[in-house]
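Structure first, then comments.
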Amino acid sequence: MVTALDFVGSCSMQNCITATVEAIRKTLDITPIRKQYSHNHDAFINLRAKAHVAGIYVVLMGDLGSHHSMVSPDEFRGIAIADKLTPLVVINSHDVKVAMPFTLAHEIAHIFLGNNCISNQFIFTTHKIHKSIDYFCNTVATELLVPEQVLRNVWNNQHGELVDFIKRLTRNFNVSEEVIARRLYDINLIDITEYRELIAIYQARWMRLKKKNKDANSGPDANALARHNIGEKTLGALLRATDNGVITIQDAARALNISVGRFERIVG
């Protein structure tokens with residue numbers, strides 16, 4: 001029997017930011033500074049795994065069943081459905097990977113507020129949003145990923161060029177350079193001119209990477225990619241439901257908007 005999850009809607013905007021961040025850290029078993037990963041995307045994978053253990057379903061989805069119906073990240077970057085039994089976060093699979101940890105942390109904050117939402121803020125955005133609930137969730141997300149006091153302590157020992165300094169910080173916080181730059185700007189350690197210069201560098205690099213990926217002739221196995229996007233937690237729940245006779249395999253495939261044959265290939 002599925003039981004309600006106490007943490008869904010357990011926080012409010014009347015709480016201080018620190019209290020909400022600590023509630024998320026405690027529930028998801030997150031420490032402020034995590035181990036070093038080989039790639040920045042591994043930090044997203046780790047946060048996703050922590051969310052799964054806590055009971056939050058996290059899926060990557062960016063179309064309505066085929067590439068012809070692709071939904072641009074400009075339309076949505078993340079969706080949070082704060083259901084007490086099965087809280088769900090959807091991350092746009094077509095977004096750049098450097099934005100995904102921030103988006104996931106932002107949507108988790110919405111889950112803890114008990115708030116359903118669609119988010120489309122981009123990490124490269126140069127203005128500070130002030131819409132109360134999004135501003136609150138953004139602040140929670142950045143504090144969760146890059147604690148202000150830790151960053152300020154490191155900043156006091158800054159040396160060398162700013163670009164190189166930020167690159168070194170990514171190894172300490174396991175987030176992208178874009179997230180570090182955004183955090184420095186939000187807590188007024190760098191000004192808008194410095195931030196825009198940094199973002200211009202990162203955007204140019206992102207465009208080169210995007211073109212390189214587009215020109216590549218090969219890619220990951222389609223079924224392996226689908227398993228990654230859907231998530232083991234979601235696939236496991238659907239398989240248990242079919243094994244127990246709660247739903248048919250046709251229902252499971254329909255829930256993912258794919259054919260039965262494709263579903264069977266994905267689950268292996």
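Most exposed first by the Cβ proxy, i.e. fewest other Cβ within 10 Å, how do Glu161, Glu194 rank?
Ranked by crowding around the Cβ, least crowded first: Glu161, Glu194.
Using a Gaussian network model of the chain whose springs link C-alpha atoms within less than 10 Å, name the residue from Asn223, Asn120, Asn244 with the highest mean-square fluctuation.
The residue with the greatest mean-square fluctuation here is Asn244.
Going by alpha carbons, how many degrees (0 to 90, nearest 10) lie between the helix axis of 162-173 and the longest principal axis of the chain?
The answer is roughly 40 degrees.
Compute the Cα gyration tensor for the chain, then decide on rounded, prolate or oblate, letting a ≥ b ≥ c be the square roots of its eigenvalues: rounded whenever a/c is under 1.5, prolate when a/b is larger than b/c in the other cases, and oblate in all that remain.
Oblate shape, in that a/c is at least 1.5 and b/c is the bigger or equal ratio.
If packing is taken as the average number of other Cβ atoms within 10 Å across a peptide's residues, how do 199-205, 146-152 rank, most packed first?
In descending order of packing, they fall as 146-152, 199-205.
Ignoring everything except DSSP H segments at least 4 long, calculate the 222 nm mean residue ellipticity for the chain; use -39,500 (n - 2.57) per segment, divide by total residues, nearest 500.
So the calculated ellipticity at 222 nm is -16500 deg cm²/dmol.
Put a dot 7 Å past each Cα toward the Cβ at Phe165 and Asn223; how far apart are the dots in nm?
Simple spin-label model gives 5.1 nm for this pair.
Counting alpha carbon pairs within less than 8 Å and at least 6 residues apart, what relative contact order, in whole percent, applies to the chain?
So the answer I get is 20 percent.
Starting from the Cα of Lys50, draw a straight line to each of the aspartates and glutamates and keep only those under 13 Å, dropping any in the same chain fewer than 8 residues away.
Asp29, Asp42, Glu232
Setting aside same-chain residues fewer than 8 positions from Lys167, which aspartates and glutamates have a Cα under 16 Å from its Cα?
The qualifying aspartates and glutamates are Glu177, Glu178, Glu194, Glu197.
Starting with the fewest neighbours, write out Leu85, Leu104, Leu189, Leu169 ranked by other beta-carbon atoms found within 10 Å of each beta-carbon.
Exposure proxy ranking, most exposed first: Leu85, Leu189, Leu169, Leu104.
Since every read-out is calculated from the coordinates, none of them should be taken as a lab result. Since this is a predicted model, take the numbers as computed values, not measurements. Cβ: placed from backbone, ideal geometry, glycine included. Neighbour counts: every protein chain shown.
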